Amino acid sequence: MELTYRPRRLRRTPALRAMVRETTLAAADFIYPLFVHEGAEVEPIGAMPGANRWPLAELTGEVRRAWDLGVRCVVLFPKVAEGLKSEDGAECFNENGLIPRAIRQLKQEIPQMAIMTDVALDPYSCDGHDGIVSEEGVVLNDETIEQLCKQAVVQARAGADLIGPSDMMDGRVGALREALDDEGFEHVGIISYTAKYSSAYYGPFREALDSAPRSTSSKPIPKNKDTYQMDPANSREAITEAQLDEQEGADIMMVKPGLAYLDIIYRLRNESELPIAAYNVSGEYAMVKAAAERGWIDERAVVLETLLSFKRAGADLILTYHACDAAAWLLEG
Ligand code: PBG
């Protein structure tokens, strides 16, 4: 055949392929989510093989391991004791709560690591919702934001670098920015869960924290988070959320989950110049682990290909439970 263009010419050798590679992965792209608890043991999480609930005594070691592999940011999630949960989630702004203590410890022992937090009430709510649930079963917006502001200020005071509101209340980014600035934390950034969908992919995470919506009284508790998290059917709405977050002062925008929402990452990339993060969530992790355990897929190849796809879609950062494994694989080359 007389072909002018033969795209295979540039695929012929590893050197040529490396020269024209458009997207790369680096350990510094990863944000490593860690679960912490009050117990003394490292507790494996059933649906997330390889992920654990860490006691504070073991936490620094795991964070140091991540740092040594090139990871530069961790995000902390608390497994809160049932007795500390309440309707208004007030434990979330206890200066001596699990998260503020974890942050202070890490800032003391490994100050070079960036620390991101999660801002929402669900780990602290006896109802398992990200906000306060009214007697009528409505997740209250403005009342919840007051709690979130107190939570964020406590996290910032403990030393957090990036505050991550995952609650999807309207107007929370602006309110958090103001609350942080009022307390002298204008240097603390906001990584907003901008387009967070009401997704079944969060199942293993809710198991890890025992934080699924549930009814403990006669109050009607919504069984899902559809009145605040986004409808998976919607894409234009993500642009609206992005515009609001940007106006309100978000520093980084996040899309969550990641894999089923690559189109949303791509759309936000074209709409905004802010850095974009993708959250490769617990259910995505569990599926890969389950198939790999059965020998049905090659875990290393599938994980690296998946993480690369987030970058290709337009993400700068990836929250992933695979962070340390992937960083180690990248070092092996
Ligand atoms: C809490 C929160 C959730 C996740 C991160 N922050 C769960 C939820 O919204 O129900 C999910 C993370 C994951 O599945 O890996 N607001």
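The set of residues from the range 154-164 being part of a loop (DSSP other than H, G, I, E, B) and either within 15 Å of the ligand (Cβ to nearest atom) or under 18 Å from the mean Cα position of the chain (by Cα) (or both) comprises ALA160, ASP161.
Applying the selection to the range 291-316, what residues are in contact (Cβ under 8 Å) with a residue 40 or more places away in the chain and not aromatic (Phe, Trp, Tyr)? Listed by number, the residues that qualify are GLU293, LEU304, THR306, LEU307, LEU308, SER309, LYS311, ARG312, ALA313, GLY314, ALA315, ASP316. Filtering the range 317-333 to residues that are touching a residue at least 12 places away in the same chain (Cβ under 8 Å) and farther than 29 Å from ASP251 by Cα leaves TRP329, LEU331. For the range 107-122, give me each residue that is open to solvent by 50 Å² or more (accessible area, probe 1.4 Å) and assigned to a loop (DSSP other than H, G, I, E, B). Listed by number, the residues that qualify are PRO111, GLN112. Within the set MET253, MET287, the sole residue that is within 16 Å of the ligand (Cβ to nearest atom), closer than 27 Å to THR24 by Cα and open to solvent by 40 Å² or more (accessible area, probe 1.4 Å) turns out to be MET287. Residues that are among the hydroxyl-bearing types (Ser, Thr, Tyr), within 16 Å of the ligand (Cβ to nearest atom) and in a strand (DSSP E or B) are absent from the range 165-172. Looking only at the range 306-333, count every residue that is under 12 Å from LEU259 (Cα atoms), within 16 Å of the ligand (Cβ to nearest atom) and in a helix (DSSP H, G or I) and tell me the total. Number of matching residues: 3. When HIS187 is tested against (1) within 16 Å of the ligand (Cβ to nearest atom); (2) surrounded by fewer than 16 Cβ atoms within 10 Å (Cβ to Cβ), just one condition goes unmet, and that condition is (1). Would you tally the residues in the range 259-283 being within 16 Å of the ligand (Cβ to nearest atom) and surrounded by fewer than 22 Cβ atoms within 10 Å (Cβ to Cβ)? Result for the range 259-283: 3. Only a single item in (1) within 14 Å of the ligand (Cβ to nearest atom); (2) exposed (fewer than 14 other Cβ atoms within 10 Å of the Cβ) is not met by PHE205, and it is number (2). Right, HIS129: assigned to a loop (DSSP other than H, G, I, E, B) and open to solvent by 20 Å² or more (accessible area, probe 1.4 Å) or not? Answer is no for this residue.
Among the residues of the range 208-221, those that are open to solvent by less than 20 Å² (accessible area, probe 1.4 Å) and either more than 8 Å from the ligand (Cβ to nearest atom) or not in a loop (DSSP other than H, G, I, E, B) (or both) comprise ALA208, LEU209, LYS219.
Of all residues in the range 222-247, those satisfying the criterion of being away from the ligand (no atom under 16 Å from the Cβ), open to solvent by 50 Å² or more (accessible area, probe 1.4 Å) and not small (Gly, Ala, Ser) are ASN234, ARG236, GLU237, THR240, GLN243, LEU244, GLU246, GLN247. Given the conditions (1) open to solvent by 90 Å² or more (accessible area, probe 1.4 Å); (2) more than 30 Å from SER309 (Cβ to Cβ), report the number of the one that ILE99 does not fulfil. It fails just one condition, (1).
The values are calculated or read from the model by the stated rules, or taken from the named source; none is laboratory data. Bear in mind that the values here come from a model prediction, so they are computed numbers and not experimental data. Here Cβ is always computed from backbone atoms with ideal geometry, including for glycine, and neighbour counts include all displayed protein chains. What goes into the accessible areas is simple: the full protein's heavy atoms, side chains included, and nothing from ligands, DNA or RNA. Shrake-Rupley method; radii C 1.70, N 1.55, O 1.52, S 1.80 Å.
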